[in-house]
Each structure stands twice: as C-alpha cells, then as structure tokens.
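Everything on this sheet refers to the single structure shown next.
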C-alpha cells in the first residue's frame, strides 16, 4: 500500500502537467482559516478576553492554513499561472468579514511570493495584492446571511417537518442537559450550532474543557451540529437561493472565457468566504458530503478544453487543509449525477440550470403573501368606497326628505295664513 501511495505521489507533477495542457480557467471558493469562536455561553470559563483578538478573528493557525493552501495552489497551477503576480491574471473577491479578508491575504502570500523585480523589501517575502469585497448587506454571492424572506420561510417550514420534530423530541433530554450545564436559554437544535462551534474552537486551541464535556457528549454535539448545518440547505429551492448566486457567477466566468475576446486574460477567480458558502454551493451542485467544510477547505471548478476544442468542467474538493504537515495532498475529484468527472460544458449547464436563480431578488420575495396583502388592500379600498358612497346616499336622501318636509310645512303655513 505504501509503495502504491508513493508511486501515485511521484506521478502527481506529471498528472498536473497534463491537466495544465487543457486547463483554461479556474474558479475556487474556500472557507477562511481557523478562527476564535463567534460567541460564548454563560458558564464558559473562556470568555472573549481569552482570545488574542476577541471573538470571530482569524488565528495564527488559520493564517498558516491559508498560506499553505496558497502554496498548494502555486504548485498545482504553476505554469498555468505566471510565476510572478500579474494583476489581470487573477481576480480575488472576499466576504466583507475580516477573517475572510485576512484569509485571502494569507493565501495570496503563499501563492505569489515576490520574486525578482517584485521584491520591494529584502526582509519581507510578501507583496500586497488587491482583494475586492462587497458590503455584507449587498452580497448575495458569498454572504449566506444576506436577507431573503423566501429562504427564511422555507427554513422555518423545514424545521417543522415531521422528521425534524421527531429528532427534536428524541433529543429533548439532551437539550435540557445542555441548557442546564451551559446556562443557555434555548432547548433546541438552533442552540447547538453556537455551542458546538465554541467548544470545537476551544478544543483546536487546547483550552481546558468543562467537566461535563466527555467524548460521548462531544460526539453527540458534533452529530447534531452537522444535522443543523445540513438543514440550512435541505431543499433544492433553499440551495438555489443560497448556493445558486455563486454557481451563477462561476458559470458566467466560464462562459465569458469560452466566448472571450483577446483582452479577457483572467485565469483564476478566487472567492474567500465561509463554511456555509462552500456548503451552499455543494448543495446547489448536489455533491454535498454531509460533513461541515473544515477550515480552508476548497471547492474548485476547473474549465478545460480538449484537443477537439470541446470544453468540459472538472469539480475538485480539497478538505485536508487542517493538517499543516500534509497540505500538498491532492484534491478529490467529484462528479455531478449523470455526468462523468470531466463533464462536458453543455451537460454541466443543463444539469445545473435549476440551481441557478433567474432573478434572485424577485425569487427571495414571498409572492403568495404579497398577493394576499395586495388583494386585502384592494378589497378594503373598495369596501371603504362603497361605505362612503352609501353614507353619501343616505345623507342626500335625508337632506332631500328634510327639504321636502320643510316645503310642506311652508305650504301649510301659507294656507293657514290665507284662510285667516
């Protein structure tokens, strides 16, 4: 077995070189590197002050993970990408969250170390490379938390399905236990994510663990955390709304390359984002492996062109980035259902068309609710008009009767006066 693995590793440079001969474009999205937890729980011994930069920031381990990922990308795509940085060869976009921006800069330090004329300081093996971003509230491509009412409604419906209710019922004693030992207010699966995330971060950094956290409890937490994570994109429409925008962007990049003019020089589109971003895209492609994407995990969509001038797409997933000593391990090829690993571009477009939103903002609305309120307003307006018309009619009738009565009184008075 060792001989087989060694032989395979010896062949890797040759295999990659063969890949480079047909490679035309690379899209990739990765999760940021290792970070501090997002939050804590009431009984946690390790509050925000226990972390050098507080909650939610990239750690030194995370910087190394991304730096090594950049070195891996340099080895894999060296010869396809220029050995030194060329500004129009790579396009880097990051989520506006700081740990993603820092991950992108760390990655680029490994991918493009300065060489020759690009060395601007002999004491620093680094050069600044631009990273663009879109404000969180405007970013539907990388930021899964971007407001989408339709998605929120679907998620609530998913949590109310019979299967999830049964799962919640089965785990109620465990939720009560967690609430008691952590001081947490919630006793449901939504509380598990924050709690599991905090404890995972603390374990990665060798923090002391609470007395109640044995391996049985920890493994149960991880299993429930994976379930809660899977529920985020549990239906095709949920995956379309959250993973579809990035898939659409990557597909547009490939189409632009295929139909490109000579001035289209971009070879690599890099997206620095979150675990949910990677998972949402995986769900949209229907290749999710039901495991939370680890730190610096990377999903790659390569566009190739064979000797018959036919384009094909190859999907690769690298999830071994947690191991700082084995970062050169190659990615795993994945395939769409009903398509080979080297999926013809036309087939790829056809197989993914239902996962791509046509008008994301419109699809994020709740049409039925909007239409209901629209008709309620129309009917209310009509009823109000009818009421006003009715009141006006009664008013006119009353006025007419009063005038008629007054006229009769006047005539009667005149007759009495004449008779006198």
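The values are calculated or read from the model by the stated rules, or taken from the named source; none is laboratory data. All figures in this text were calculated on a predicted structure; none of them were measured in a lab. When we count neighbours, we look across all protein chains shown, and the Cβ atoms used for this are built from the backbone with ideal geometry, even at glycine.
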(request) Could you tell me which numbered condition residue 173 fails, if it satisfies all but one of (1) free of Cβ contacts under 8 Å to residues at least 12 places away in the same chain; (2) assigned to a loop (DSSP other than H, G, I, E, B)? (result) (2)
(request) Give the residue that is nearest to residue 295 (Cα to Cα), with candidates limited to residues of segment 113-139 that are part of a loop (DSSP other than H, G, I, E, B) and in contact (Cβ under 8 Å) with a residue 40 or more places away in the chain. (result) 131
(message) Would you confirm, using the coordinates I've provided, whether residue 256 is surrounded by fewer than 18 Cβ atoms within 10 Å (Cβ to Cβ), free of Cβ contacts under 8 Å to residues at least 24 places away in the same chain and within 21 Å of the chain's Cα centre (by Cα)?
(response) no
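Results for (1) more than 21 Å from residue 34 (Cβ to Cβ); (2) over 23 Å from the mean Cα position of the chain (by Cα), shown as yes or no for each residue.
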{"site": "287", "(1), (2)": "yes, no"}
{"site": "308", "(1), (2)": "yes, yes"}
{"site": "317", "(1), (2)": "no, no"}
{"site": "333", "(1), (2)": "yes, no"}
(request) Being part of a helix (DSSP H, G or I) and without any contact (Cβ under 8 Å) to a residue 40 or more places away in the chain is the filter here, so list the residues in segment 259-284 that pass it. (result) 282
(message) For segment 39-60, check the following and say yes or no: at least one residue is part of a helix (DSSP H, G or I), within 19 Å of residue 321 (Cβ to Cβ) and in contact with a strand residue (DSSP E or B) (Cβ under 7 Å, 6 or more places away or on another chain).
(response) no
(message) Can you confirm whether residue 353 is assigned to a helix (DSSP H, G or I), at pLDDT 95 or above, under 20 Å from the mean Cα position of the chain (by Cα) and surrounded by fewer than 17 Cβ atoms within 10 Å (Cβ to Cβ)?
(response) yes
(request) Select from segment 209-227 the residues that are out of contact with any helix residue (DSSP H, G or I) (no Cβ under 8 Å at 6 or more places or on another chain) and over 16 Å from residue 172 (Cα atoms) and write down the one among them that is surrounded by the most Cβ atoms within 10 Å (Cβ to Cβ). (result) 226
